[in-house]
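I have placed the structure first, in the form of structure tokens, so that the comments after it can refer back to it.
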Amino acid sequence: MSGKIKSRNAANADSIAGSVSCDERILRDCHQMYIDTDSGLIAIAQSVGVTLLPPRKKINVMLMGNHSAGKSSFINWYVEEHIQRTGVAIETQGFSFVTSGRKRESLTGNATLHLYPHFKPLQEFKGVSEYLSTEICTSRQKRFSLVTFVDTPGLVDGDMKYPFDVDQAILWLGELCDLILVFFDPMGQALCKRTLNIVENLNEQQGDRLRFYLSKADEAGGESDRQRVMMQIVQELCKRPGLNKCGFDMPTIYVPNPNKPSRCVNQIEEVCRTIEKTINQTVQNTLNSLEKDCKLITEAITDTLYNDRQCSIENRRARFKGCVWGMLGFTVPLLLLIVLVLGTLSREILELMLGDNGTEALSLYVAPAVKVFESLSAQVQLYSCVALVLLSFIFLLLARFSFRTKPTLSGKQKRLLQEKLEYVQEVVKTKKKNLYEEYLRQSVGDQDMN
């Protein structure tokens, strides 16, 4: 397969003009608050060393099961368009993403990975990228505008060879999906070991996302036949240690056909409610994550400004210490020089330079040091001078090391950080509060919001 895009005429192109749901608008607005180039939370967080990921605007629902289990038929029923090919023959050996958009398109190859950059690690599975495709349709039925279906290859046992490691690819996709629907076909392939093995592995990490259904239940014969098939499937699942749990639920579903009425109980709407519940939970999680990320950014900016103030205080202390050591370093040789000079000058010259009072004051303070220095032998005087010079050199080294300061923010950088902090606290948190109220207003009345 190539990475080209094949255009098709949309079956219901005008339906995109329908109103945007509240949940869709909330997820879209939250996503935009993260990715905005100038004032997005991701850009703000990066400026203070915090990494954030933008929330998705849709949930990912993966469908898996044995071949001809009705996965594609369910997608077609949900979107109310014939998007996926159906039939007993194994049509799809790759992964097909089905999502809503502005016009009907089919993406193949690398175009799918450009549309879904978070799925790009799939390229690491040899051969997978050539078996990726995306179907974009304009349907607004049910909650399809908030759902991306991931239709997986039909699983079979035996000598069937896949062009890539289908088990590992499904397990990897399961980590990124919000809901995993497992369809068991009652016509003989429900106990496919490959399917059961993958389900068992998925259950270890994504057990809360797994939902099991007996698909094509209307083709299983009478009620007793259906019960027997369900018992066989449940018994086989419960043989697996991780799947042996109480309250195992497996609704019976099938795509309703007006031309083929059936007395079998159809719980296909239960699947829709499960998807609806996942969407609602995703909206709540997105709003909660927005609040947590705002708090994380606020703390990071506050810590950055606080650390900058501490660095400024430490730098002032360092400069003061440096000045003290520097003054000592220059004072010692200066005093030594004065002593040496005074020792060589006569009193007449000093009185001429400093006057009588100045000479008397200088003699009072310096004369004792001069007498002590002159009383020493020449060798001791030399050693004393060397020691004083060395002491002065040590003082100057201490001054140099003390003058080492930490980098601090410029006034402009601090103003920008303060503006970002105010933006997050005042603008983003206010938007988040309004979005939460708008979401809750769908379920409760305005009188309950007060």
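The values are calculated or read from the model by the stated rules, or taken from the named source; none is laboratory data. This structure is a prediction, so every number in the text was calculated from the model and none was measured. Using ideal geometry, Cβ is built from the backbone for each residue, glycine included, and neighbour counts are taken over all protein chains shown. Accessible surface areas use protein heavy atoms only, side chains included; no ligands, DNA or RNA. Shrake-Rupley method; radii C 1.70, N 1.55, O 1.52, S 1.80 Å.
Values computed for the structure shown
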read-out	value
Alpha-carbon centroid distance for the pair region 19-53 / region 250-282, whole angstrom	34 Å
Label-point gap, in nm, between Gln141 and Leu352 - each point 7 angstrom along Cα→Cβ	11.7 nm
Of Lys295/Lys414; Lys120/Lys429; Lys103/Lys433; Lys57/Lys432; Lys406/Lys429, pairs whose Cα-Cα distance is over 25 Å	Lys120/Lys429; Lys103/Lys433; Lys406/Lys429
Convex hull per residue volume in Å³, alpha carbons only, for region 59-265	125 Å³
Accessible surface of region 20-174 [probe 1.4 Å, protein heavy atoms]: carbon and sulfur percent	48 percent
Separation in nanometres of the label points that stand 7 Å from Cα toward Cβ, at Tyr383 and Arg273	10.1 nm
Cα gyration tensor shape of region 29-172, rounded if a/c is under 1.5, else prolate or oblate by comparing a/b with b/c	oblate
